[in-house]
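Quick notes on the structure that follows.
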Amino acid sequence: MDIKFYKCIIDESKCVKCGACSTVNLCYSPGACVGCLSCFFSCPYEARKIVEDTSARREIRVEIDDVEYSMPERITVLKAIELAGYSIGVYPNEARIHAPCRTGGCWSCAVEINGSLERSCITPLEEGMKISTDVREQVPLRIVHGPEPHTVGGKATPYYEKRRGKFIEAAIWVAGCNLRCPQCQNWHVTYDNITEPLTPQKAAERLTAVGDYYGVSGLAISGGEPTLNRRWLVEFFRALKELNKGKKRRLHLDSNGTLLTPDYIDELVEAGCNNIGVEPKCVSVESYMRITGLVDGELAEKYLKTSWSAIKYIVDHYGDRVYLGVGLVYNKDLVSLDEVAKAGEKLASIDPEIQVCVLDYFPAFRRRDLKRPSVFEMLKVKKILNDTGLRKVIVQTQLGHFGP
């Protein structure tokens with residue numbers, strides 16, 4: 001088999017010594033790059049380059065599920081598992097190993113290494129490692145930021161609960177994302193692979209405590225992308241539901257919708273999730289790729305279709321049990337007003353009562369060249385969507401949110 005290996009090198013002409021590679025996304029193989037590419041995706045100034053690594057590699061011996069293998073050195077555990085013939089998937093439960101983020105934050109690709117749970121995507125393979133891909137007996141983990149009280153909430157926070165200056169939700173944000181948005185507005189969370197991870201129970205306990213302290217009606221999880229680690233998320237909502245019995249709280253998931261297949265939605269609702277935000281962002285694959293930074297057109301089309309299908313599925317099957325909010329985005333450099341109208345028409349055909357929140361994309365992460373849309377532009381976006389028949393449209397602006 002002809003296997004090509006790659007490594008990342010620093011482009012000194014672009015490096016500004018911002019410190020992200022030591023405070024947000026840490027290299028776990030500083031002595032010899034193993035090609036995980038985490039630093040390439042996470043560097044805000046794009047000061048990493050991928051180059052082919054043709055240097056000689058010795059063979060090392062490892063065990064994977066009690067079978068001994070000879071593997072090339074300077075690769076990740078995930079790459080070794082792939083070379084051993086295991087399937088690696090993007091959607092939960094589609095393959096033996098689920099590796100959607102590959103930057104170390106979501107822990108979806110975790111395996112047992114020498115008896116301990118660890119991320120296969122960024123962990124260097126070492127001589128004599130004993131690796132088990134069966135982690136059903138291990139408690140799942142995930143990097144979590146927060147919890148903190150929030151005055152605005154997310155795309156699915158009911159518009160009638162938004163009270164200026166008042167805390168309305170307590171929220172946590174989890175690391176890891178399957179998109180590569182160059183204007184990511186929460187990149188320091190998305191690409192975090194340093195923070196100690198939490199169990200679903202511990203995250204639910206902390207979030208509930210903050211919600212109780214501030215007396216809010218909603219408890220939310222956002223990201224990054226929460227749905228990447230399915231087992232963790234389902235157990236988190238089960239724990240949250242148990243901890244909040246009798247409190248009549250919204251248990252809120254804020255998602256990009258890319259992985260929300262019908263069976264996943266069913267499982268989350270059964271676990272206690274009763275407030276879901278889905279953000280397809282736009283309607284065309286071309287715009288979606290521009291917004292998300294995805295370069296695989298087939299995958300982008302699949303993600304976009306899954307997001308839109310999730311919206312209709314929730315309306316059709318859980319309209320009376322789940323409060324749904326839909327997220328769109330606007331910046332003239334990313335999405336046209338014509339496409340905004342098409343998104344509105346599509347949503348209005350599903351249900352004109354759907355709450356729609358439009359984010360005004362501003363300079364962030366790698367898109368420091370973006371110009372934030374003016375308040376006038378965003379109010380025009382609101383009118384366009386209202387004119388399609390949508391009745392509950394909220395737009396984010398520099399002056400705050402304008403709602404129904």
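The values are calculated or read from the model by the stated rules, or taken from the named source; none is laboratory data. Quick caveat, the model's predicted, so the values are computed rather than measured. Neighbour counts are summed over all protein chains in view; Cβ atoms, including those assigned to glycine, are modelled from backbone coordinates with ideal geometry.
Per-residue answers, yes or no, for (1) under 14 Å from the mean Cα position of the chain (by Cα); (2) over 22 Å from residue 338 (Cβ atoms); (3) crowded, with 19+ Cβ neighbours inside 10 Å:
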position: 225; (1), (2), (3): yes, yes, yes
position: 234; (1), (2), (3): no, yes, yes
position: 242; (1), (2), (3): no, yes, no
position: 251; (1), (2), (3): no, yes, yes
position: 255; (1), (2), (3): yes, yes, yes
position: 286; (1), (2), (3): no, no, no
position: 293; (1), (2), (3): yes, yes, no
position: 298; (1), (2), (3): no, yes, no
position: 307; (1), (2), (3): yes, no, yes
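Each row is one residue, and each column tells you yes or no for (1) modelled with pLDDT of 95 or more; (2) within 17 Å of residue 177 (Cα to Cα); (3) assigned to a helix (DSSP H, G or I).
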| position | (1), (2), (3) |
| --- | --- |
| 203 | yes, no, yes |
| 207 | yes, no, yes |
| 213 | yes, no, yes |
| 233 | yes, yes, yes |
| 238 | yes, no, yes |
| 242 | yes, no, yes |
| 246 | no, no, no |
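Scanning the range 111-134 for residues that are in contact with a Lys or Arg (Cβ under 7 Å, 6 or more places away or on another chain) and buried (at least 20 other Cβ atoms within 10 Å of the Cβ) returns a single hit, 121. Being in contact (Cβ under 8 Å) with a residue 40 or more places away in the chain, part of a loop (DSSP other than H, G, I, E, B) and surrounded by 17 or more Cβ atoms within 10 Å (Cβ to Cβ) is a condition met by at least one residue of the range 93-100. Taken together, the residues in the range 309-326 that are over 18 Å from residue 280 (Cα atoms) and among the basic types (Lys, Arg) amount to 1.
Just for the range 84-104: of the residues that are farther than 19 Å from residue 260 by Cβ and either of a type in the set (Gly, Ala, Ser) or not assigned by TED's automatic domain parsing to the domain that holds residue 3 (or both), which one is nearest to the chain's Cα centre (by Cα)?
Filtering the range 84-104 down to residues farther than 19 Å from residue 260 by Cβ leaves 84-88, 96-97, 102-104.
From what is left, the residues that are either of a type in the set (Gly, Ala, Ser) or not assigned by TED's automatic domain parsing to the domain that holds residue 3 (or both) are 84-85, 87, 104.
Values: 84: 28, 85: 27, 87: 22, 104: 12 Å.
Checked the range 84-104; the qualifying residue nearest to the chain's Cα centre (by Cα) is 104.
Out of curiosity, is residue 272 under 23 Å from residue 225 (Cα atoms) and touching a residue at least 60 places away in the same chain (Cβ under 8 Å)? No; evaluated as a whole, the condition is false for this residue.
Take residue 306 and decide whether it is at pLDDT 95 or above, in a helix (DSSP H, G or I) and of a type in the set (S, T, N, Q).
Details: at pLDDT 95 or above: yes; in a helix (DSSP H, G or I): yes; of a type in the set (S, T, N, Q): yes.
The answer is yes for residue 306.
The single condition among (1) modelled with pLDDT under 95; (2) touching a Lys or Arg at 6+ places or on another chain (Cβ under 8 Å); (3) surrounded by 19 or more Cβ atoms within 10 Å (Cβ to Cβ) that residue 108 does not meet is (1).
Could you please tell me which pairs satisfy a Cβ distance under 9 Å, a separation of 6+ or placement on different chains, a first residue in the range 111-139 that is on the phi > 0 side of the Ramachandran plot, and a second residue that is outside any loop (DSSP other than H, G, I, E, B) and surrounded by 13 or more Cβ atoms within 10 Å (Cβ to Cβ)? That search, which allows pairs on different chains as well, returns 114/130; 114/131; 115/130; 115/132; 128/60; 128/62; 128/63.
Exactly one condition in (1) within 28 Å of residue 299 (Cβ to Cβ); (2) modelled with pLDDT under 95; (3) out of contact with any Ser or Thr (no Cβ under 8 Å at 6 or more places or on another chain) is not met by residue 119; state its number. Evaluating residue 119 over (1) within 28 Å of residue 299 (Cβ to Cβ); (2) modelled with pLDDT under 95; (3) out of contact with any Ser or Thr (no Cβ under 8 Å at 6 or more places or on another chain) leaves (2) as the failure.
You will find that of 380, 305, the residue that is in contact (Cβ under 8 Å) with a residue 24 or more places away in the chain and of a type in the set (D, E, K, R) is 380 and no other.
If you check 347, 328, 324, 337, which single one turns out to be surrounded by fewer than 20 Cβ atoms within 10 Å (Cβ to Cβ) and among the hydrophobic types (A, V, I, L, M, F, W, C)?
Working: 347 fails: surrounded by fewer than 20 Cβ atoms within 10 Å (Cβ to Cβ); 328 fails: surrounded by fewer than 20 Cβ atoms within 10 Å (Cβ to Cβ); 324 fails: surrounded by fewer than 20 Cβ atoms within 10 Å (Cβ to Cβ).
Of 347, 328, 324, 337, the one residue that is surrounded by fewer than 20 Cβ atoms within 10 Å (Cβ to Cβ) and among the hydrophobic types (A, V, I, L, M, F, W, C) is 337.
Just to be sure I understand, how many residues within the range 348-362 are over 11 Å from residue 391 (Cβ atoms) and in contact (Cβ under 8 Å) with a residue 24 or more places away in the chain?
Filtering the range 348-362 for residues over 11 Å from residue 391 (Cβ atoms) gives 349-350, 357-362.
Remaining after also requiring in contact (Cβ under 8 Å) with a residue 24 or more places away in the chain: 350, 357-362.
So the count comes out to 7.
Scanning the range 172-200 for residues that are without any contact (Cβ under 8 Å) to a residue 60 or more places away in the chain and touching a helix residue (DSSP H, G or I) at 6+ places or on another chain (Cβ under 8 Å), we see that the one that is surrounded by the most Cβ atoms within 10 Å (Cβ to Cβ) is 172. In this structure, residue 64 does satisfy being over 22 Å from the mean Cα position of the chain (by Cα), surrounded by 15 or more Cβ atoms within 10 Å (Cβ to Cβ) and hydrophobic (A, V, I, L, M, F, W, C).
Yes or no, residue by residue, for (1) over 23 Å from residue 105 (Cβ atoms); (2) hydroxyl-bearing (Ser, Thr, Tyr); (3) without any contact (Cβ under 8 Å) to a residue 40 or more places away in the chain:
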{"position": "19", "(1), (2), (3)": "no, no, yes"}
{"position": "28", "(1), (2), (3)": "no, yes, no"}
{"position": "42", "(1), (2), (3)": "no, yes, no"}
{"position": "46", "(1), (2), (3)": "no, no, no"}
{"position": "50", "(1), (2), (3)": "no, no, no"}
{"position": "58", "(1), (2), (3)": "yes, no, yes"}
{"position": "64", "(1), (2), (3)": "yes, no, no"}
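The single condition among (1) exposed (fewer than 15 other Cβ atoms within 10 Å of the Cβ); (2) basic (Lys, Arg); (3) farther than 30 Å from residue 262 by Cβ that residue 74 does not meet is (1).
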